[in-house]
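The values are calculated or read from the model by the stated rules, or taken from the named source; none is laboratory data. Nothing here was measured: the structure is a model prediction, and the numbers come from that model. In this analysis, Cβ positions are derived from the backbone assuming ideal geometry, glycine residues included, and neighbour counts consider all displayed protein chains. All accessible areas refer to the heavy atoms of the entire protein, side chains included, with ligands and DNA or RNA removed. Shrake-Rupley method; radii C 1.70, N 1.55, O 1.52, S 1.80 Å.
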Amino acid sequence: QKKLLFVRDTHYQKQTFRNRCEIYGANGRLKLTTPIVHNKNKSHQKEEEVQIANTTAWQKRHWKSICSAYRSSPYFEFYEADLAPFYKKKVAYLMQFNLDLLNKIMELIEYPFSYKVIQWDINSHQRMDSLIDAKKETEIDFEPYRQVFENKNGFIANLSIIDLLFNLGPSTLNYLQNIQI
């Protein structure tokens, strides 16, 4: 099994999916953004240093949006208790929040997952930042699946994995493994 590597000491890049995702709301794509603390004393923050701005009720708003979007999906009730704590417990650092959430998602889709947090070595590692660029359109051709609001807005591809999870449940991993990249 390959180990996925996350780099802790590179510069945090804005406009990426590190602190945002998109879900399928009643009116189409709905962007959810985790607010971060912008360090005015440094021109660049390292990945591991980026703090979540817990001065707003962002977790409550995100969970309310998720519930609103997916409460009527086939598997929402099945996974609700596993995901709700991520929107209640305060976490200081964005990287830790993302890794904890990623671990939980991988557990829920029953995908054996291991990772390591490393320091960057340009000679040993390949960067894949383009995969998380929030401003770049994906070239992946996603096979349509049933979504809660598709009768109103049609199929919307390339959403957060929770869209797959709440709509496909145990078939999520199979769907992901069949994507042609």
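Give the residue that is modelled with the highest pLDDT, with candidates limited to residues of the range 4-38 that are polar (S, T, N, Q), part of a loop (DSSP other than H, G, I, E, B) and open to solvent by 60 Å² or more (accessible area, probe 1.4 Å).
The first filter runs over the range 4-38 and keeps only residues polar (S, T, N, Q), leaving 10, 13, 15-16, 19, 27, 33-34.
Going one step further and asking which of them are part of a loop (DSSP other than H, G, I, E, B), we end up with 10, 13, 15, 19, 27, 34.
Filter again for open to solvent by 60 Å² or more (accessible area, probe 1.4 Å), leaving 13, 15, 27.
On the way: GLN13: 67, GLN15: 64, ASN27: 95.
If we take residues in the range 4-38 being polar (S, T, N, Q), part of a loop (DSSP other than H, G, I, E, B) and open to solvent by 60 Å² or more (accessible area, probe 1.4 Å), then ASN27 is modelled with the highest pLDDT.
For the range 159-181: of the residues being of a type in the set (A, V, I, L, M, F, W, C), within 16 Å of the chain's Cα centre (by Cα) and farther than 17 Å from ARG71 by Cα, which is surrounded by the most Cβ atoms within 10 Å (Cβ to Cβ)?
Keep residues of the range 159-181 that are of a type in the set (A, V, I, L, M, F, W, C), which gives 159, 161-162, 164-166, 168, 173, 176, 179, 181.
Keeping just the survivors that are within 16 Å of the chain's Cα centre (by Cα) gives 159, 161-162, 164-166, 173, 176.
If we keep only those that are farther than 17 Å from ARG71 by Cα too, we end up with 173, 176.
On the way: LEU173: 16, LEU176: 13.
Checking each candidate, the answer is LEU173.
Just to verify a result, which residue in the range 16-50, among those that are among the polar types (S, T, N, Q) and more than 17 Å from the chain's Cα centre (by Cα), is farthest from GLY154 (Cα to Cα)? Break it down stepwise before answering.
The initial filter retains those residues of the range 16-50 that are among the polar types (S, T, N, Q), namely 16, 19, 27, 33-34, 39, 41, 43, 45.
Okay, now just the ones that are also more than 17 Å from the chain's Cα centre (by Cα), so 27, 39, 41, 43, 45.
Numbers: ASN27: 11, ASN39: 41, ASN41: 46, SER43: 42, GLN45: 39 Å.
Ranking the qualifying residues of the range 16-50, first place goes to ASN41.
Look through the range 43-84, keep the residues that are open to solvent by 70 Å² or more (accessible area, probe 1.4 Å) and in a helix (DSSP H, G or I), and return whichever of them is farthest from GLY28 (Cα to Cα). Reasoning before the result, please.
Narrowing the range 43-84 to residues open to solvent by 70 Å² or more (accessible area, probe 1.4 Å): 43-44, 46, 48, 51, 55, 60-61, 64, 68, 71-72, 74-75, 77-78, 81.
Within this subset, residues satisfying the condition of being in a helix (DSSP H, G or I) are 48, 60-61, 64, 68, 77-78, 81.
Details: GLU48: 33, LYS60: 20, ARG61: 17, LYS64: 16, SER68: 12, GLU77: 22, PHE78: 24, ALA81: 25 Å.
Here the residue is GLU48.
Restricting to the range 62-114, name every residue that is closer than 27 Å to ASN39 by Cα and more than 16 Å from the chain's Cα centre (by Cα).
Start the filter on the range 62-114 by keeping residues that are closer than 27 Å to ASN39 by Cα, which leaves 62-63, 86-102.
Residues satisfying the conditions are LYS88, LYS89, LYS90, ALA92.
Looking at the range 142-181, which of the residues that are among the polar types (S, T, N, Q) and closer than 19 Å to ARG29 by Cβ is modelled with the lowest pLDDT?
Going through the range 142-181, the residues among the polar types (S, T, N, Q) turn out to be 147, 151, 153, 158, 160, 167, 171-172, 174, 177-178, 180.
Then drop every residue that is not closer than 19 Å to ARG29 by Cβ, which leaves 147, 151, 153, 158, 160, 167.
On the way: GLN147: 96, ASN151: 94, ASN153: 92, ASN158: 89, SER160: 94, ASN167: 98.
Per the criteria, the residue is ASN158.
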